[in-house]
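S.K.: Please read through the structure below; I'll follow up with questions.
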Number of protein chains: 2
Amino acid sequence: MAPKPAGAYDPGAYPPFAVTVDVVVVTVVDESLQVLLIERGADPFGGQWALPGGFVHEDEALEAAAARELAEETGLEALPALRQLGAFGDPGRDPRMRVVSVAYLAVVPHLPPVEAGSDARRAELTPVRSVVGARARRRLAFDHLEIVTAGVARTRALLETTPIATAFVDHPFTLSELRRVYEAVWGRALDPGNFRRKVLSIPGFVNPTGRQAAPGPEGGKPADLYRAGRAIRLDPPLHQPVARSR
Amino acid sequence: MAPKPAGAYDPGAYPPFAVTVDVVVVTVVDESLQVLLIERGADPFGGQWALPGGFVHEDEALEAAAARELAEETGLEALPALRQLGAFGDPGRDPRMRVVSVAYLAVVPHLPPVEAGSDARRAELTPVRSVVGARARRRLAFDHLEIVTAGVARTRALLETTPIATAFVDHPFTLSELRRVYEAVWGRALDPGNFRRKVLSIPGFVNPTGRQAAPGPEGGKPADLYRAGRAIRLDPPLHQPVARSR
DNA sequence: GGAATAGTGTCTCTGAGACAGTATAGT
DNA sequence: ACTATACTGTCTCAGAGACACTATTCC
């Protein structure tokens, strides 16, 4: 942190940087993990897809800037807590100038319809699979692929140690709905009985409402409805099951 | 990320920031976790203790800046990988101007004697206990207490999921020496037999050398010597034991 | 009744922690 | 012999996963 030892502040003593924020908004739709992207209206990378974000104002906290930019570009407000993913500041990541971007993660249930605003031509949810991984078909602007990758990794970790999975479903919810969130992110089917037992054994994860949901169109026994509990962390954590060798 | 949609680059369109890096260097000495601090030579916070760090140069990667500042202020070079802890950029964290600092963590074995350089009046290892927690007696400059806290938390997490504990001991080492690292960080005694069995069951954590160490001044059976293995992650992880209710 | 989903019960295997027992050094 | 440390073996318990079974709905 320490600037030059000279007591007085010399504005020429340090190179000026631009500081921006980018936000990775993830949700689960149609049993797949999705990320919110905007189509850039201007160069550089005009017409390409990118994360919502923008410049931090003077005297504005980083997290506040992330919330503001997200609202401006996508109309999303009153989001749950933003979690910082880290700083991305390689020289050359923006072709115009030296920029350090601080990335944030927001985990939300199915979104209200997003509306493109300010610099964004369009804003839409995109399956993570189509952006990251071997079968990706959509290239992202800047180093936003790296940022999305970090966001997805953090989301997976948060699912195991915090109750954010409840943020992906409507309230109240059935344990089957909650289970499908984990199945979507882990990409494997879970045993309904074992999942139920494990979830109910974690204090403060979910609370019963005493009510029941209507069965789906295919019939089946009505499921009990739950709400998110008060826990901040899952203790013990809900780790991804490992198939037994046998 | 997206700047204003105007195609041309307008240098007046964004507020200029200073960007700095700070480094949390942690090690284990005398069975306690310690952090490297420098005494600031100049205002603000002249005479107070702070983390080594400084301004990022133009066209310099963030991590490279962290390594350079560390070398300049403490003489430390050729450190193991620096891990990013995150960005700290509250308005007002530096009384002179708007500064965003990107913090890094370095985990090292006992250090070569550190020598204060450039702006640092002194540089020395300080027990984490005397800086963070209820019985802290040393106040840090800026928001460096917050950064140190993040670094210590990350260190604890890394101990459980990566082989960095081997970076805290000399090579080759005995399993008792390795065990004392965990005991120092977790603040509790571990069962030597169970620790041994657990460590040896994690593939790639440690490799036997076939040699033995001389017993200590108190006697005892000579211990086998080991070296760090090739594993990048501990799988399964080495979690802090939970005492059995009984 | 048949199919589908929700929920319960139970078996087995694994891993962790507690702790006793053995081995080898110094004094 | 005594002590201190290193190492090995064993017991028990809790949790996880597999899976069978019951319950309740729609068709």
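S.K.: Considering only region A:68-139, give the strands (runs of 3 or more DSSP E) lying wholly within it that have at least 1 residues that are closer than 14 Å to A:Val35 by Cβ, away from every other protein chain (no Cβ under 14 Å) and modelled with pLDDT under 90.
M.R.: Working: elements: A:83-88, A:99-107, A:120-127.
Filter on region A:68-139 gives A:99-107, A:120-127.
S.K.: Where residues in region B:190-212 are surrounded by 15 or more Cβ atoms within 10 Å (Cβ to Cβ) and in contact with a strand residue (DSSP E or B) (Cβ under 9 Å, 6 or more places away or on another chain), which of them is farthest from A:His239 (Cα to Cα)? Break it down into steps so the answer makes sense when it comes.
M.R.: Initially, region B:190-212 is screened for residues surrounded by 15 or more Cβ atoms within 10 Å (Cβ to Cβ), giving B:190, B:195-196, B:198-199, B:202, B:205-206.
Of the ones still in play, those that are also in contact with a strand residue (DSSP E or B) (Cβ under 9 Å, 6 or more places away or on another chain) are B:199, B:205-206.
Details: B:Val199: 21, B:Phe205: 22, B:Val206: 26 Å.
Once the filter is applied, the top-ranked residue is B:Val206.
S.K.: Go through region B:22-40 residue by residue and tally those that are over 22 Å from B:Glu77 (Cα atoms) and touching a residue at least 12 places away in the same chain (Cβ under 8 Å).
M.R.: Matching residues across region B:22-40 total 2.
S.K.: Please work out if A:Ala223 is modelled with pLDDT of 95 or more, surrounded by 11 or more Cβ atoms within 10 Å (Cβ to Cβ) and over 26 Å from the mean Cα position of the chain (by Cα). Steps first, answer last, please.
M.R.: On the way: modelled with pLDDT of 95 or more: yes; surrounded by 11 or more Cβ atoms within 10 Å (Cβ to Cβ): yes; over 26 Å from the mean Cα position of the chain (by Cα): yes.
Answer is yes for this residue.
S.K.: Which residue pairs have Cβ atoms closer than 6 Å, lie 6 or more positions apart in sequence or on different chains, and pair a first residue in region B:191-205 that is within 14 Å of chain A (Cβ to nearest Cβ) with a second residue that is among the hydrophobic types (A, V, I, L, M, F, W, C) and within 8 Å of DNA strand C (Cβ to nearest atom)?
M.R.: Correct list of pairs: empty, since none qualify.
S.K.: Where the second residue is more than 14 Å from DNA strand D (Cβ to nearest atom) and the first is closer than 14 Å to A:His171 by Cβ and lies in region A:206-217, which pairs have Cβ atoms under 6 Å and are six or more apart or on separate chains?
M.R.: As it stands, the answer is A:Val206/A:Tyr226; A:Val206/A:Gly229; A:Asn207/A:Arg227; A:Asn207/A:Gly229; A:Pro208/A:Tyr226; A:Thr209/A:Pro172; A:Thr209/A:Arg227, since those pairs meet every condition given.
S.K.: Take the residues in region A:235-246 that are modelled with pLDDT under 95 and more than 14 Å from chain B (Cβ to nearest Cβ); name whichever of them is farthest from DNA strand D (Cβ to nearest atom).
M.R.: Among those that are modelled with pLDDT under 95 and more than 14 Å from chain B (Cβ to nearest Cβ), it is A:Ser245.
S.K.: Is it the case that A:Arg179 is more than 12 Å from DNA strand D (Cβ to nearest atom), in a helix (DSSP H, G or I) and within 12 Å of A:Leu238 (Cα to Cα)?
M.R.: Considered against the rule, which asks whether it is more than 12 Å from DNA strand D (Cβ to nearest atom), in a helix (DSSP H, G or I) and within 12 Å of A:Leu238 (Cα to Cα), A:Arg179 comes out as yes.
S.K.: A further question on this structure: From the list B:Ala61, B:Ala103, B:Ala87, which residue is free of Cβ contacts under 8 Å to residues at least 40 places away in the same chain, in contact with a Gly (Cβ under 9 Å, 6 or more places away or on another chain) and crowded, with 21+ Cβ neighbours inside 10 Å?
M.R.: Of the residues listed, the single one that is free of Cβ contacts under 8 Å to residues at least 40 places away in the same chain, in contact with a Gly (Cβ under 9 Å, 6 or more places away or on another chain) and crowded, with 21+ Cβ neighbours inside 10 Å is B:Ala87.
S.K.: So which of B:Arg197, B:Arg188 is charged (D, E, K, R), away from DNA strand D (no atom under 11 Å from the Cβ) and at pLDDT 90 or above?
M.R.: Working: B:Arg197 fails: away from DNA strand D (no atom under 11 Å from the Cβ).
None of the other options fit; the residue is B:Arg188.
S.K.: Same structure again: Restricting attention to region B:159-197, report how many residues are under 17 Å from B:Val35 (Cα atoms) and within 12 Å of DNA strand C (Cβ to nearest atom).
M.R.: Total satisfying the criteria: 2.
The values are calculated or read from the model by the stated rules, or taken from the named source; none is laboratory data. This one's a predicted model, so the numbers in the text were calculated from it and none came from an experiment. Here the Cβ is made from the backbone with ideal geometry for all residues, glycine too, and neighbour counts use every protein chain on show.
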